[in-house]
Amino acid sequence: MKKLKVGVVGCGSIAGYAHFPSYAKMKDQVEVVACADIVPEKAKAAAEKYGIPHWYDSVEALLAAEPDVDYIDVCTWTAAHAPVTIAAAKAGKHVLCEKPLAASLEQGLAMADAIREAGVTFMLAVCTRYGNEQQKFIELRDQGVFGEIYYAKTAYTRRRGSPGSWFTNKALAGGGPVLDIGVHAIDRTWYLMGRPTPLTVSAETSYRIGKNNAEASFTWGGVDRPDAEIYDVEDSASVFFRFEGGKAMIAEASWTQNMPEEFYSKIFGSKAGCTFEPLTIHGTDENGKLTDIKIEVPGNDFYLDEIKHFVDCLNTGKTPISPMEDALVIQRMLDGIYRSAEAHREVEI
């Protein structure tokens, strides 16, 4: 198996928390040959900390100086996903991109066009698809354990957990908790349902707490830009999706709300349902008695395993678990949430 060369673009929180540490555990499979950040001090600090040979102040500089890089790992703020991905694709490089796909559907479509025209491989880093419990569920689902999956409920809500920094700036982030953490819940649950075709969405977003609440808790994003105090994104969202075949999903996302935090997916099937952490099948036995069967599944490092999966796909030609096609569907669903909330009515996806 070929040892790949990667250039990481964006040296902020997610790169430091998940990507650089994962690559440190994969030195026999991947070499981080360079990193880049529009704040040069960040790129330099990351290079020194993780022993990366070269650092640059832009993806363009990295691509020009490192022609042998196999793929670009995009860890920038959301609005930069499109220009970085497009630049990488035009240079003939594969792309691993952090969620969400883009700050807007228009940007996401431009990314998809660039990837298709270049003929390179793209994978969206939606880490919770790569959990062992989720993969075990897929195995059981495909065996018919749950029957027809027709409904799901999901939430990723915080009582007080606004990241601060660029996350609250719509021009850089594209949106608030819907795009930041709601994407995890919605993507994972749609994937577990079997990726049904979305038809419509009805949603409302709230801007009632956020910046005006003294306990909004800017916990990890940091203040490293002069516009870091901007807060023009939603606090929370309540969502109802309709899919083909009479299927549906309810979803919630929030950074700030006056309720305890939740992070779950509940899957409803005609034979049995499922909840997670621990993976539990809610069904009936041969006598019709209600049963709740817990399945022991070892935990895993989602971030490490998603990157390992991408590297394996590049070496074997396999299609990633979270390809561009799925990323675009999710982007359309997220776009629909904002359009519906603005119109205060159900809209088509």
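Checking LEU63 against (1) closer than 19 Å to LEU328 by Cβ; (2) part of a helix (DSSP H, G or I); (3) touching a Lys or Arg at 6+ places or on another chain (Cβ under 9 Å): exactly one of these is not met. Which one?
Answer for LEU63: the failing condition is (1).
I'm trying to understand the selection: among the residues of region 20-55, which are part of a helix (DSSP H, G or I), more than 16 Å from ASP312 (Cα to Cα) and of a type outside the set (Asp, Glu)?
Selection gives PHE20, PRO21, ALA24, PRO40, LYS42, ALA43, LYS44, ALA45, ALA46, ALA47, LYS49, TYR50.
Show the residue pairs that are 6+ apart or on different chains and have beta-carbon atoms under 7 Å apart, the first residue being within region 29-58 and over 16 Å from ALA18 (Cβ atoms), the second being part of a loop (DSSP other than H, G, I, E, B) and among the polar types (S, T, N, Q).
ALA36/SER58; ILE38/SER58
Are any residues in region 234-258 more than 18 Å from the chain's Cα centre (by Cα) and modelled with pLDDT under 95, and if so, which ones?
ASP235, THR256, GLN257, ASN258
Residue-wise test of (1) within 18 Å of VAL233 (Cα to Cα); (2) out of contact with any Leu (no Cβ under 7 Å at 6 or more places or on another chain); (3) surrounded by fewer than 18 Cβ atoms within 10 Å (Cβ to Cβ).
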| residue | (1), (2), (3) |
| --- | --- |
| GLY174 | yes, yes, no |
| ILE181 | yes, yes, no |
| ALA185 | no, yes, no |
| THR189 | no, yes, no |
| GLU204 | yes, yes, yes |
| TYR207 | yes, yes, yes |
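Could you please find all residues in region 1-14 being aliphatic (A, V, I, L, M) and touching a strand residue (DSSP E or B) at 6+ places or on another chain (Cβ under 6 Å)?
Within region 1-14, LEU4, VAL6, VAL8, VAL9, ILE14 meet the criteria.
Consider region 252-272. How many of its residues are in contact with a Ser or Thr (Cβ under 9 Å, 6 or more places away or on another chain), farther than 17 Å from ILE181 by Cβ and surrounded by 14 or more Cβ atoms within 10 Å (Cβ to Cβ)?
3
How many residues, within region 17-57, are of a type in the set (Ser, Thr, Tyr) and touching a strand residue (DSSP E or B) at 6+ places or on another chain (Cβ under 6 Å)?
So the count comes out to 2.
How many of the residues making up region 304-323 are within 18 Å of ALA185 (Cα to Cα) and buried (at least 18 other Cβ atoms within 10 Å of the Cβ)?
Total meeting the criteria: 3.
Scan region 281-300 for residues that are touching a Lys or Arg at 6+ places or on another chain (Cβ under 9 Å) and surrounded by fewer than 17 Cβ atoms within 10 Å (Cβ to Cβ) and jot them down.
Hits for region 281-300 are THR284, ILE295.
The values are calculated or read from the model by the stated rules, or taken from the named source; none is laboratory data. These numbers come from a predicted model, not from an experiment. Every residue, glycine as well, gets a Cβ built from its backbone with ideal geometry; the counts of neighbours run over all protein chains shown.
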